[in-house]
C-alpha cells in the first residue's frame, strides 16, 4: 500500500509517497515528470524495498513555487524528505535525466550513508548547444501553456519509435499537459545550468549508469563522456529512448535488483 | 568579492576586528568555541555573493580583536556584537552563530531585539545538560596543539566530524585561551537567560550526527517555541558542520533569509 504524505522544507510544501518494506530505495523523477513516473518500474520491481519517491518542488502535489531553484535545492529537499519519512540508511538512490543530477548531488550530501547509485539517461552536465532550445521551449510554455510545447518535447523524449506501451505513453502525455508552466520554465533554467562534475568526482559508492540506445537527448557517447569523473562507475546500454523508466521499466527494475547482487548482499 | 578588515572600538579597553564582504542587508556570523571567524569563509563568500553585507567579528583574543579583560558573561559577549552592528549601521541584522556562537546569537537576540531581524543557530546544543567528561576531554584534546596529531584527529572525529568527513583542516586555528574565556563567560550565564533567543524568526540548522547538539533537543526546542522556529537537519554532518557541509548551510541560510531578511533592499 502506498502512503501519501507531505513535509515542508525551505518554506515549500513537498509531497512524497512511501511503499513496500525492506531496503531503503529513493527514486528521483525527471524534469517533465512526477513521482508517478516511477510507477512502471515499481510495478516490475521484486518485493523487498522501502520505496520513497517525492514530487519535486513545482511538480505533482508539491507546492508550485514562484522563485528559482537549483539542483542543490532539489537535493536538499530530498534529504529533508528522507528525514521526514524516517527512511533508515543505507540508501540506494536512483534518478532519471535531471533526476540523475539530483541523485548525484544528494549522494554527495549524504556521504557514507549511500550504498549505491543508479543513473538512468542522466543529464549531469549542461549542453551549451541545447541551452537556447531549453530556454526557448520554457518561455513558450509559460506564455502559451504546455500544449504549445508538448509535440516539440515528445518528438525527442518520447518519439513513436520509443513507445512500448501506448497506454503508458498516453498517460505520460496527459500528465505533461498538467504541469505548471511557470515551474516548468524554472526547471528548464535549472537544467540549462546543471553541472554536477565536482559532486561526481567525490562519490564513494558504486554507480551504475544506464544509457538508452535510442535516446535522442542524452546519446550513449554523451553519457559516457559526462560520467568520466565518477570513480567507481559501470555503463550499460538499454534499448530505450530518453524516458527509460517508462519505455524500458523491466531493464531499470532488473538493474536495481542487480545492484544488490553486485554488492554481495541478498535483496 | 573583496574582503576588508575593520577595527571597531568598544569603550577604552576593547577593540574588535571585523571581516567584511559584500553589499546589502547586514548578516553577522559568529564562530564556535575557541575558533576564528574564518571558519565561515566559504559560507560568508556565498552569502555575500547573493547580495548581503557579511560581517564576521573575530572573538576577543583572535586576530586584531583585543581586550584588557576577558568577557564577564554571555551578555558581555553579546554586547560586543551589538557594538559592531551599531557601528556599521543599516541594521537590523540577521545573525548566524555556530556552536558556542549560537549562545551569543541567542543572547544578543534576547538583549537587543531592536538590532535583529532573524537568527540562525547551527549545531546549537540548546540542551541544558552539560557535556559529559569524555566529550569535554575530546574538545580540549582537539584544541591542544601540544598533543600528537593522531590523538587530536581521533578526538576531532569523536566530537566534531561525521564518519567519512576529513577532520585534518581542524588541526589548525584553535585558540585554547579564547576557548577557556568563552567557556567561563558561558558558564556565568544561566541557560534559561538565552534559551529562547528573543522573538525573531529562527532557523535551527541541526547536524544529523552531532554528539554535542542532539536532534531530539532541536525537536523539543521547536515544540516549545512553535512556528517561530524552522528546523532543518544538515545531512552527513557533525558538530563542526561548517567545513563538512558549507554549501548546504549557505543555501539554507539564503533560503530562510529570502523570507525574513531579503537581499536587494533594506530589511
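Just name the residue that is farthest from residue B:238 (Cα to Cα) out of those in the stretch A:100-141 that are in a helix (DSSP H, G or I) and within 14 Å of the chain's Cα centre (by Cα).
For the stretch A:100-141, the residue satisfying everything is A:100.
Please determine, by comparing only the residues of the stretch A:164-184 that are under 19 Å from the mean Cα position of the chain (by Cα) and not in a helix (DSSP H, G or I), which one is surrounded by the fewest Cβ atoms within 10 Å (Cβ to Cβ).
A:178
Condition first: within 14 Å of another protein chain (Cβ to nearest Cβ) and more than 19 Å from the chain's Cα centre (by Cα). Can you find one or more residues in the stretch A:90-99 that meet it?
There is at least one residue in the stretch A:90-99 that is within 14 Å of another protein chain (Cβ to nearest Cβ) and more than 19 Å from the chain's Cα centre (by Cα).
Only one of A:191, A:210, A:246 is part of a helix (DSSP H, G or I), crowded, with 23+ Cβ neighbours inside 10 Å and touching a residue at least 40 places away in the same chain (Cβ under 8 Å); which?
A:246
Do you know which residues across the stretch A:5-23 are within 14 Å of another protein chain (Cβ to nearest Cβ), surrounded by fewer than 21 Cβ atoms within 10 Å (Cβ to Cβ) and assigned to a strand (DSSP E or B)?
A:7, A:8, A:12, A:13
For the stretch A:68-88, what are the residues that are without any contact (Cβ under 8 Å) to a residue 12 or more places away in the chain and at the interface with another protein chain (Cβ under 9 Å from one of its Cβ atoms)?
Passing the criteria: only A:83.
Given the condition touching a residue at least 12 places away in the same chain (Cβ under 8 Å) and within 12 Å of chain B (Cβ to nearest Cβ), answer yes or no: does some residue in the stretch A:43-53 qualify?
No, the conditions are met nowhere in the stretch A:43-53.
With the structure loaded, tell me whether residue A:199 is assigned to a helix (DSSP H, G or I) and in contact with a helix residue (DSSP H, G or I) (Cβ under 7 Å, 6 or more places away or on another chain) or whether it fails that test.
Yes; evaluated as a whole, the condition is true for this residue.
Restricting to the stretch B:87-99, and then to whatever is at pLDDT 95 or above and within 12 Å of residue B:116 (Cβ to Cβ), can you tell me which residue is farthest from the chain's Cα centre (by Cα)?
Among those residues, the one meeting the criterion is B:92.
Go through the residues of the stretch A:132-144 one by one and say whether even a single one is in contact with a helix residue (DSSP H, G or I) (Cβ under 8 Å, 6 or more places away or on another chain) and within 14 Å of chain B (Cβ to nearest Cβ).
no
Looking only at the stretch B:192-216, which residues are assigned to a helix (DSSP H, G or I), under 27 Å from residue B:115 (Cα atoms) and either within 14 Å of another protein chain (Cβ to nearest Cβ) or within 16 Å of the chain's Cα centre (by Cα) (or both)?
Residue satisfying the conditions is B:194 alone.
Among the residues that make up the stretch A:222-230, is at least one of them touching a residue at least 24 places away in the same chain (Cβ under 8 Å), in contact with a strand residue (DSSP E or B) (Cβ under 9 Å, 6 or more places away or on another chain) and not in a helix (DSSP H, G or I)?
yes
Please state which one of A:58, A:33 is out of contact with any strand residue (DSSP E or B) (no Cβ under 6 Å at 6 or more places or on another chain), more than 28 Å from residue B:230 (Cβ to Cβ), at pLDDT 95 or above and more than 14 Å from chain B (Cβ to nearest Cβ).
A:33
Quick one: which of A:151, A:170 is more than 14 Å from chain B (Cβ to nearest Cβ), under 23 Å from residue A:253 (Cβ atoms) and without any contact (Cβ under 8 Å) to a residue 40 or more places away in the chain?
Of A:151, A:170, the one residue that is more than 14 Å from chain B (Cβ to nearest Cβ), under 23 Å from residue A:253 (Cβ atoms) and without any contact (Cβ under 8 Å) to a residue 40 or more places away in the chain is A:170.
Residue B:237: buried (at least 18 other Cβ atoms within 10 Å of the Cβ), under 22 Å from residue B:77 (Cβ atoms) and in contact with a strand residue (DSSP E or B) (Cβ under 6 Å, 6 or more places away or on another chain), yes or no?
No, not satisfied.
Just one of the numbered conditions (1) modelled with pLDDT of 95 or more; (2) crowded, with 19+ Cβ neighbours inside 10 Å; (3) out of contact with any strand residue (DSSP E or B) (no Cβ under 6 Å at 6 or more places or on another chain) is not true of residue B:33; which one?
So residue B:33 meets the others, but not (1).
What number of residues within the stretch B:235-267 satisfy the criterion of being within 16 Å of residue A:109 (Cα to Cα), at the interface with another protein chain (Cβ under 10 Å from one of its Cβ atoms) and either in contact with a helix residue (DSSP H, G or I) (Cβ under 6 Å, 6 or more places away or on another chain) or part of a helix (DSSP H, G or I) (or both)?
Summing the residues that are within 16 Å of residue A:109 (Cα to Cα), at the interface with another protein chain (Cβ under 10 Å from one of its Cβ atoms) and either in contact with a helix residue (DSSP H, G or I) (Cβ under 6 Å, 6 or more places away or on another chain) or part of a helix (DSSP H, G or I) (or both) in the stretch B:235-267 gives 7.
Residues to consider are B:219, B:224, B:177; find the one that is free of Cβ contacts under 8 Å to residues at least 40 places away in the same chain, more than 13 Å from chain A (Cβ to nearest Cβ) and closer than 27 Å to residue B:136 by Cβ.
Step by step, each of B:219, B:224, B:177 is checked, and only B:224 is free of Cβ contacts under 8 Å to residues at least 40 places away in the same chain, more than 13 Å from chain A (Cβ to nearest Cβ) and closer than 27 Å to residue B:136 by Cβ.
Just the residues that are within 14 Å of another protein chain (Cβ to nearest Cβ) and either in contact (Cβ under 8 Å) with a residue 60 or more places away in the chain or more than 23 Å from the chain's Cα centre (by Cα) (or both), please, taken from the stretch B:135-165.
Result: B:161, B:162, B:164, B:165.
Confirm whether residue B:229 is at pLDDT 90 or above and within 14 Å of chain A (Cβ to nearest Cβ).
Answer is yes for this residue.
The values are calculated or read from the model by the stated rules, or taken from the named source; none is laboratory data. Given the structure is predicted, the values throughout are model-derived calculations rather than measurements. Using ideal geometry, Cβ is built from the backbone for each residue, glycine included, and neighbour counts are taken over all protein chains shown.
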